[in-house]
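Each value in this text was obtained by applying a stated rule to the coordinates, not by laboratory testing. These numbers come from a predicted model, not from an experiment. Neighbour counts run over all protein chains shown; Cβ positions are idealised from the backbone, glycine included.
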Amino acid sequence: MVKFERKTIMYQILKSAHSGWRYLVLILLVIALVQAISGWLGKKPYTEGNRKINLFTLIFVHTQVLIGLVLYFLSPLVKAGIVYWKMEHIGMMIFAAILVTIGNARSKKGNDPAARHRAVALYFGLALVLIIAAILRMTMVDPSRSFFGIS
């Protein structure tokens, strides 16, 4: 009985962390995206500040995915076979993390600042759209959850 309670407590803590961490991920993605679009369209240099915000965004996205993977194996929703939790959510989020990783890697290549900003804008932008779509889909699958509420 004690083992079950620990697992349940651990699941609840990780679920809350995962729900709260998403705001940091979204904020960093928006900041990186705005900087990238501004740099690309404004023909600004690619600075150390750009590199750092992209790196922090990458780290936060990967941390979110790691927490999500642990939850995946602990979740009663996945064990119940709910398709959204078993397939859609994890697939969309891993793909979003891959996009962020590619965008960050491409921003390191080349000397053309416009190309570096464009890579971040494109890949981080696609990742942001995918993440928002996955969160919105979550609210449709489970109406007790909300986009802005910690669930």
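Rounded to the nearest Hz, the phi-derived 3J(HN,Hα) couplings of segment 138-144 under the Karplus curve 6.51 cos²θ - 1.76 cosθ + 1.60 (θ = phi - 60°) are 4, 5, 6, 5, 10, x, 6, where x marks glycine and proline.
Return a whole-number percent for the relative contact order of the chain, with Cα pairs under 8 Å and 6 or more residues apart as the contact set.
Details: 153 pairs, mean separation 45.7, N = 151.
Once divided by the residue count of the chain, the mean separation gives 30 percent.
In the chain, taking the dipole from charged Cβ atoms about the Cα centre, the farthest positive-side position among M140, S38, L26 is held by S38. Summed over qualifying helices (DSSP H, 4 residues or more, each -39500 (n - 2.57)) and divided by its residue number, the chain shows a 222 nm mean residue ellipticity of -28000 deg cm²/dmol.
With a cut-off of 8 Å between alpha carbons and a minimum separation of six or more residues, what is the relative contact order of segment 18-94 in percent?
Numbers: 36 pairs, mean separation 23.8, N = 77.
Averaging sequence separation for qualifying contacts and normalising by length gives 31 percent for segment 18-94.
Take the Cα radius of gyration of segment 53-105 and divide it by 2.2 N^0.38 Å, N being the number of residues; the result is 1.25. Values of log10 I(q)/I(0) for the chain across q = 0.11, 0.16, 0.18 Å⁻¹ run -0.47, -0.84, -0.99, by the Debye formula with one identical scatterer at each alpha carbon and no solvent. So what's Rg/Rh here for segment 19-70, counting alpha carbon atoms and using the Kirkwood radius for Rh? Rg/Rh for segment 19-70 comes to 1.08. Here is the P(r) of segment 94-147: all C-alpha pair distances, binned every 10 Å from 0, give 27, 36, 22, 11, 3 in whole percents.
In order along segment 32-37, the Karplus-derived 3J(HN,Hα) couplings, from 6.51 cos²θ - 1.76 cosθ + 1.60 at θ = phi - 60°, round to 4, 5, 4, 4, 5, 5 Hz, and Gly and Pro are given as x. Using a simple spin-label model with pseudo-atoms 7 Å out from Cα toward Cβ, E88 and L69 lie 2.4 nm apart.
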